[in-house]
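Comments concern the structure below.
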Amino acid sequence: MTRLFNDPADFPAEMLEGFAAAYPDMVAPVPGGVVRSTAYDSVAVLAGGGSGHYPAFCGLVGTGLAHGAVVGNIFSSPSASQAVAVGRAADRGQGVIFTFGNYAGDVLHFGEAATRLADEGIDARIVLVTDDVASAPRDQIDKRRGIAGDLVVFKVLGAAADEGLPLDEVVAAGRHANGRTRTFGVAFDGCTLPGADGPLFRVPEGMMSLGLGIHGEPGVKDVPIASADDLAAMLVDRLLDELPDGVDRARGQRVTALLNGLGTVKYEELFVVWRRVSQLLDAAGVTVVSPDIGELCTSLDMAGISLTLVWLDDELERRWTSPSLTPGYRKGSARPAAQLDADARDELRRRAVVSGAEIEPGTPEAQNLAAGVLRALETLHTTMVTHAAELGRIDAVAGDGDHGIGMERGTRAALDAARAAAERGAGAGTLLSRAGTAWSDVAGGTSGALWGGALRAVGASLGDSESADTARLVTALLAGRDAITGTGGATLGDKTMVDVLLPWSDALTDGPADAATLRSARATAITAAGATAALTPRLGRARPLAERSVGTPDAGAVSLALAVAALTDLALGDSTPALPLILEGHS
């Protein structure tokens, strides 16, 4: 378990602060992450993702590898604002590349960041990593997640950038590396978040879980634990069974291999497994070039290992074996790069931050409406704090267990931002815009992006000059609904918050804007949340663990139903606990 921490909520920030203090010759801290503390004049490769995976992602910043890292909360994607800040600091006029595992929250936040940087005149591209063969079938490679193969793609991108190639060619090199990379892993036990009472999942005694994720997700199937040799054979067979496009047979090919420990499998154990892996690859006629055995992409204290094979050509082999020097990964003999002086490092931090616009006071009517919105946000935060533990439990069944924490952090950040805006006379529109951005920035993850965007859309609809009757409030809520569905891409039946959002909004507009309609819509939301237990997920982190999730409602759907119930009760002066009704709906 994770034993050394202060306030668990401060763990990611304090980790990053200590990391930057330990390696000032390689990295410099900036808002949102770190960048190289050395001079370069090239495309900037920016790796990114949640904390808890060291040496990914911040430990891979340095010569021959990444130029910066965007670092989110534990197992949670960084926010778009974090990514924008690191992108500004790292850019040298040649463009930037965000590269990350293919997780929904990362895709949303980094996608928004790339758009925002483009609006500022910085050419920003995205290179996804999709190496995990267990997370989707071969005909759906674009849905696969990135795990230990991240390192391969990051290194090839960094090497190509350090060669001085233009942006388009660096992007192509990274995508080529991803297309040639495959990973398969197993878990023996789950990891424990700082401050948590127990691990996110347990593997039954004497069993191992096939197809683990790196965010504390269990595997897709439990099987009896194997000997080291049998496990080596299982890993090699699975990867030799799926050759990438352009490789028609294994014999005669050259590969590099990564045998990765997820956190508590020791190096000696990895070497025992590698002994047999190397024998099996040799027997298959495959030549191994410059392999790596060790902790390369971890999941806190998770017990598990993964094997990655990269099918090389001359270009990939040259870039994989090229020298690199970073805090968490080294290969060959890289020359130390020229250090930036103190003034240049200060300039990196200044470049990362652009001051927010001043708040123009709203009209008295809009300020009065803002006061009501502030009360709603207070209720929302109280609701999520009350239910954070249960939301985490629900999420951990087939995900990483961080949904409750994320909702608690997001609502707290939104409330703090809203209070600050209200003190400066903001109308409802500006107040909600600031609250939504703060929610997205602090919570990260898919839910952070969706809730933050919804609040901003509601605020844009309400504006800063008018009061609002019930009909206008309903219109604003529908704008929030459209922001969620338009951004997330989920539809009914995908087992997401949309399975509550759409029935609730339909019920809200199905009658007059009165108390009876509000109560009916509240009941619809609760029923819809309970009904998600019977669904099989088609999107998000739970999708690879679809069968495990059947029988448990979707955490995002439950949190939305709790929010609907609490806000409806606030508006009507009611007080009826919603969670028991949701859980009863699938019992």
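Overview of results
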| item | result |
| --- | --- |
| Computed helical MRE - 222 nm, the chain, DSSP H runs ≥ 4 contributing -39500 (n - 2.57), nearest 500 | -15500 deg cm²/dmol |
| Whichever lysines have a C-alpha closer than 24 Å to that of K221, once near sequence neighbours (fewer than 8 apart) are set aside | K143, K266, K495 |
| Sum of side-chain charges, R349 neighbourhood, beta-carbon under 15 Å (Lys, Arg +1; Asp, Glu -1) | -1 |
| Positive dipole terminus of the chain, leading residue within G213, H176, S299 (C-beta point charges) | H176 |
| Kirkwood hydrodynamic radius of segment 8-324, Cα pairs, Å | 19.5 Å |
| Share antiparallel - DSSP beta bridges, the chain, percent rounded to 5 | 60 percent |
| Stretch gain in nm, segment E205-S575, where the contour uses 0.36 nm per residue and the Cα spacing is subtracted | 128.8 nm |
| Rounded to 10°, Cα long-axis angle of helix 364-396 versus longest principal axis of the chain | 50 degrees |
| Modelled label reach - L478, point 7 Å along Cα→Cβ, segment 489-515 residues with backbone N closer than 16 Å | 501-514 |
| Residue order, fewest to most beta carbons within 10 Å, for K495, K221 | K221, K495 |
| Relative contact order (percent, whole number), segment 364-584, Cα cutoff 8 Å, 6+ residue spacing | 20 percent |
| Additional length obtainable on full extension of the chain from R92 to T363, 0.36 nm per residue less Cα span | 93.2 nm |
| R251 paired with A460, simple spin-label distance in nm, labels 7 Å along Cα-to-beta-carbon | 6.0 nm |
| Phi-based couplings in Hz for segment 226-234 (Karplus 6.51, -1.76, 1.60; Gly and Pro marked x) | 9, 5, 4, 5, 5, 5, 4, 5, 5 |
| Ellipsoid semi-axes in whole angstrom, largest first, where each is sqrt(5λ) of the Cα gyration tensor of the chain | 42, 29, 19 |
| Rounded FRET efficiency, nearest 0.05, which uses the C-beta distance separating D123 from D25 and R0 of 25 Å | 0.30 |
| Local electrostatic count at Q279 - Lys and Arg +1, Asp and Glu -1, tallied over other residues with Cβ under 14 Å | -2 |
| Normalised contact order of the chain, rounded percent, pairs of Cα under 8 Å and 6 or more residues apart | 13 percent |
| Residues V265, V247, V96, sorted so that the one with the fewest Cβ neighbours within 10 Å comes first | V247, V265, V96 |
| Beta bridges per DSSP with both ends in segment 8-324, % antiparallel, nearest 5 | 55 percent |
| Label point distance in nm, E423-I225, each placed 7 Å from Cα along Cα→Cβ | 5.4 nm |
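Bear in mind that the values in this text are calculations on the coordinates, not laboratory data. Nothing here was measured: the structure is a model prediction, and the numbers come from that model. Note that each Cβ is placed from the backbone with ideal geometry, even for glycine, and that neighbours are counted across all protein chains shown.
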